[in-house]
1. Karplus couplings for the range 144-154 from phi (6.51 cos²θ - 1.76 cosθ + 1.60, θ = phi - 60°), rounded to Hz, Gly and Pro as x?
2. Quick one: order Tyr223, Tyr33, Tyr194 by neighbouring beta-carbon count within 10 Å, fewest to most.
3. Calculate how many DSSP beta bridges within the range 2-268 are antiparallel, expressed in % of all such bridges and rounded to the nearest 5.
4. In Å and whole numbers, how far do the C-alpha atoms of the range 1-137 stretch along each principal axis, longest first?
5. Most exposed first by the Cβ proxy, i.e. fewest other Cβ within 10 Å, how do Thr204, Thr78 rank?
6. Starting with the fewest neighbours, write out Met190, Met250 ranked by other beta-carbon atoms found within 10 Å of each beta-carbon.
7. According to the Cα gyration tensor, what semi-axes, each the square root of 5 times an eigenvalue, does the equivalent ellipsoid of the range 71-194 have, listed from largest to smallest in whole Å?
8. Taking a cut-off of 21 Å, what percent of all Cα-Cα pairs in the range 146-235 are separated by more than that?
Amino acid sequence: MKKQLSLDEIKQVELQILIEFRRICNELGLRYYLSGGTLLGAIRHKGFIPWDDDIDLAMPRSDFNKLIEFSRSYKNDTYKFLFFSQTGTLLPYAKFVNVKTHIDVKYAEDEMQQHLWLDIMPMDGLPEDLNEVARIYKKAEYYRKIIGLCNAKLGEGKSVVKKLAKYILKPLALIYGKERAIANLNKLAMKYDYDSAKYVGAITWGLYGEAEKILKADIDKGYQVTFENEQFDSFSCWDSYLTALYKNYMQLPPVEKRINHEMIAWVEK
């Protein structure tokens, strides 16, 4: 029998996922950072954004790779790492999931979207040339759109136009190939080494484009934020980072822009 989870229950499950992830990183000496909407929630709300339903983390590529190696021997009845597609391709970002939960997400069908999760975005080096940074993020967006179309649920969409567009664009995306798009996206992101770069950022799933660019020296200082009465690592440059992503980030967005994944989550009883 299914027991559907409320938004508050979803958040509690995800907080426990994050606590286990923190334990692993601290034990292994790995760098991780609360990022995106999760960092915004920590600064503005001291926890989850009220309507949010996921957790975002960023991690330097070298630490991300170490986590991949650790995941091969990680055994846990509740938690699992997802780094690779069913065909063995390294995914653009990873998930750490609670396998005892199940979800159904609107508009998309994806092998990675089966359980409640936290997202782990690899951070890579960026060039100092702003034009080259713009080119990288523009190409990354192109590959992400192909991946998104490959995952799209036909017949679903927020408007009639979007529903119809999927019937035309999804077959074209499938011809290009999801695995090919993922491989090209990873290759693009890893062109510049994180640890030797002056600037870094989340490229593979950096949805804010050039605004994701951060001076690495600011990250290296280390900083902790309060999130749901727990302490987690994040960027010392959180103010400039959040301003770049969200502008006046302390101001709540209009009600119509307070969106989440529109998912149903449940556990088997």
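Derivation of every value follows stated rules applied to the coordinates shown; laboratory data play no part. All of these numbers come straight from a predicted model, not from anything done at the bench. Cβ: placed from backbone, ideal geometry, glycine included. Neighbour counts: every protein chain shown.
1. Each residue of the range 144-154 in turn: 5, 5, 4, 4, x, 5, 5, 8, 5, 7, 5 Hz.
2. Working: Tyr223 15, Tyr33 27, Tyr194 22.
Fewest-to-most Cβ neighbours within 10 Å comes out as Tyr223, Tyr194, Tyr33.
3. Details: 32 of 38 bridges.
If I count the DSSP bridges inside the range 2-268, around 85 percent turn out antiparallel.
4. 55, 37, 34
5. Details: Thr204 23, Thr78 13.
By the 10 Å Cβ count, ascending: Thr78, Thr204.
6. Details: Met190 16, Met250 10.
Ordered by Cβ neighbours within 10 Å, fewest first: Met250, Met190.
7. Values: eigenvalues 121, 116, 30 Å².
Output for the range 71-194: semi-axes of 25, 24, 12 Å.
8. Details: 2220 of 4005 pairs.
The proportion of pairs with Cα distances above 21 Å equals 55 percent.
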